[in-house]
1. Scan segment 87-102 residue by residue and report those that are touching a helix residue (DSSP H, G or I) at 6+ places or on another chain (Cβ under 7 Å), open to solvent by 10 Å² or more (accessible area, probe 1.4 Å) and touching a residue at least 12 places away in the same chain (Cβ under 8 Å).
2. Out of segment 97-136, which residues are in contact with a Ser or Thr (Cβ under 9 Å, 6 or more places away or on another chain), near ligand 1 (Cβ under 9 Å from one of its atoms) and among the polar types (S, T, N, Q)?
3. Looking at segment 103-117 only, could you name the residues that are open to solvent by 10 Å² or more (accessible area, probe 1.4 Å) and within 16 Å of ligand 2 (Cβ to nearest atom)?
4. Test each condition in (1) within 14 Å of ligand 1 (Cβ to nearest atom); (2) without any contact (Cβ under 8 Å) to a residue 60 or more places away in the chain; (3) basic (Lys, Arg) for residue 80 and report the one that comes out false.
5. Looking at residue 125, is it in a helix (DSSP H, G or I), open to solvent by 20 Å² or more (accessible area, probe 1.4 Å) and under 30 Å from residue 80 (Cβ atoms)?
6. Quickly run through segment 129-144 and pick out the residues that are under 17 Å from the mean Cα position of the chain (by Cα), surrounded by fewer than 18 Cβ atoms within 10 Å (Cβ to Cβ) and assigned to a strand (DSSP E or B).
7. With respect to residue 75, determine if the residue is closer than 18 Å to residue 192 by Cα, assigned to a strand (DSSP E or B) and at pLDDT 95 or above.
8. List the number of the failed condition for residue 67; all other conditions in (1) touching a helix residue (DSSP H, G or I) at 6+ places or on another chain (Cβ under 7 Å); (2) under 22 Å from residue 148 (Cβ atoms); (3) among the β-branched types (Val, Ile, Thr) hold.
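The values are calculated or read from the model by the stated rules, or taken from the named source; none is laboratory data. Please read all numbers here as calculations on a predicted model, not as lab measurements. Cβ placement follows ideal geometry from the backbone for every residue including glycine, while neighbour counts extend to all protein chains displayed. To get the accessible areas, we keep the full protein, side chains included, count just its heavy atoms, and leave off ligands, DNA and RNA. Shrake-Rupley method; radii C 1.70, N 1.55, O 1.52, S 1.80 Å.
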Amino acid sequence: MCDFAEMQASETAIDPPGAPGLVRRDVLVLSGAAALAVTTPASMGRAAISATPTATESTSTAAVRLIVNGREVSIEVDPRRSLLDVLRETLNLTGTKKGCNQGACGACTILLNGRRIVSCLTLAAMHDGAEIETIEGLEKNGELHPLQSAFIEHDGLQCGFCTPGQIMSAVGCIAEGHASSPDDIRFWMSGNICRCGAYPGIVAAIADAAKRT
Ligand code: FES
Ligand code: FES
């Protein structure tokens, strides 16, 4: 299930054209620009090098206000940090997983303003004022979300590492109307890789939850 064609499909399925997140080719362009920014001062001599921040130093922060799982948070972030890292390391929302950190596995899927995106490919500083939903926000008043219950009932997981991303992507998949058949679900969930191969249970769980919601 995790061949190259599916990874290509993941860009479309998780971050369709017009979505606010970045796709891998955007990040490659930005990475190239960042590499130039780091390497150019090195050609300017020792004085220039000593005055240039290292790759791990930040010269500024950005004020960002987010509404995360219904709660407003205001934070200062390094403008180079991904939304995934800010969620996990600043807000301690570690339910969202870091798998590949390059947009290929879907483990970091969240909802951003109601649309599913891979949070490793976008910068937190780009989303001031955004509404974010993570796996931690699905349970309401002690009740599991129908998708969470369905994943348990249909054995839609083994190790569980991919499961938060699978479930958040499934929330988006159902909301988009892309869960009308097992084939439909397989296609529109193709950006979420499960290394344990729990796909039959995942598809069954999403189909079941789609009927209940
Ligand atoms: S797609 Fe973001 S961690 Fe793999
Ligand atoms: S349950 Fe192990 S990677 Fe999906």
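1. First, the residues of segment 87-102 that are touching a helix residue (DSSP H, G or I) at 6+ places or on another chain (Cβ under 7 Å): 87, 93-98, 101-102.
Subsequent filtering for residues that are open to solvent by 10 Å² or more (accessible area, probe 1.4 Å) retains 93-95, 97-98, 101-102.
93, 95, 97, 98, 101, 102, listed by residue number.
2. Scanning segment 97-136 gives 101, 109, 119.
3. Hits for segment 103-117 are 104, 105.
4. So the condition that residue 80 fails would be (1).
5. Details: in a helix (DSSP H, G or I): yes; open to solvent by 20 Å² or more (accessible area, probe 1.4 Å): yes; under 30 Å from residue 80 (Cβ atoms): yes.
Yes.
6. Within segment 129-144, 131 is the sole residue that qualifies.
7. Details: closer than 18 Å to residue 192 by Cα: no; assigned to a strand (DSSP E or B): yes; at pLDDT 95 or above: yes.
Taking the combined requirement at face value, the residue does not satisfy it.
8. Here residue 67 meets the rest and fails (1).
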